[in-house]
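Here the structure is laid out as structure tokens; the discussion comes afterwards.
The values are calculated or read from the model by the stated rules, or taken from the named source; none is laboratory data. Model, not experiment: these values are computed from the prediction. When we count neighbours, we look across all protein chains shown, and the Cβ atoms used for this are built from the backbone with ideal geometry, even at glycine. Side chains are part of the model used for accessible areas, which takes the heavy atoms of the whole protein and leaves out ligands, DNA and RNA. Shrake-Rupley method; radii C 1.70, N 1.55, O 1.52, S 1.80 Å.
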Amino acid sequence: MATTGGRRYDPERRQRIIDAAIRVVGAKGIAGLSHRSVAAEADVPLGSTTYHFKTLDDLLVAALRQANEGSLTVPAATPGEDLAAGLARALGEFLSADRGRAQLEYELYLEALRRPALRPVAAEWTRQVCAALGDRVDQATARALVAVMDGISLQVLLTGSEYDEPYAREVLARILSRR
């Protein structure tokens, strides 16, 4: 690594800190997150975490933003496709691909209840999914679909039950039939 003024230049350090924060939350929950725990996990000096993220909220915002990037994706529209089936399939893929990651994403998402700084980032995800549905349904229907998918996801994650794709397809189809 290059040095500048006696300090090592590490362009990936910020990203390593975000990745470490996600691992800490995944292993210990939000309560286990501190600048010190993240610094240890990222193998960086404590001052690096506070340099890049002045507050834990700043760090959580970055972690939630990154978690949103790998989250549920809306299936591409294809002629004659059953939207409810496509959404139910995508939701199943999200929940089964890495259940730990899905739990982590919802933990970060729900932390916005206590940390107002996270609310705009949590809302971004909803807006993105609604926008992705926008060419296929009106905004009210898109919001209802997102709410149902969130509810089903939380039920599966909280109860430890298996995801029931036919059930999800049926509930999503009911919303779509009422437009």
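Tabulated results
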item: Residue within region 53-67 that is at pLDDT 90 or above, open to solvent by 20 Å² or more (accessible area, probe 1.4 Å) and not in a helix (DSSP H, G or I) present; result: yes
item: Which listed residue is at pLDDT below 95, part of a helix (DSSP H, G or I), open to solvent by 40 Å² or more (accessible area, probe 1.4 Å) and not aliphatic (A, V, I, L, M), from Glu111, Glu81, Glu93; result: Glu93
item: Residue match in region 166-174 (condition: under 16 Å from Arg65 (Cα atoms) and over 16 Å from the mean Cα position of the chain (by Cα)); result: no
item: Condition met for Arg101 (among the charged types (D, E, K, R), at pLDDT 90 or above and assigned to a helix (DSSP H, G or I)); result: no
item: Single match in Thr159, Thr141 (criterion: at pLDDT 90 or above, surrounded by 15 or more Cβ atoms within 10 Å (Cβ to Cβ), among the polar types (S, T, N, Q) and farther than 22 Å from Ala63 by Cα); result: Thr141
item: Of the criteria (1) assigned to a helix (DSSP H, G or I); (2) over 16 Å from the mean Cα position of the chain (by Cα); (3) of a type in the set (A, V, I, L, M), which one Val137 fails; result: (1)
item: Test for Ala27: is it at pLDDT below 90, buried (at least 19 other Cβ atoms within 10 Å of the Cβ) and under 30 Å from Ser153 (Cα atoms); result: no
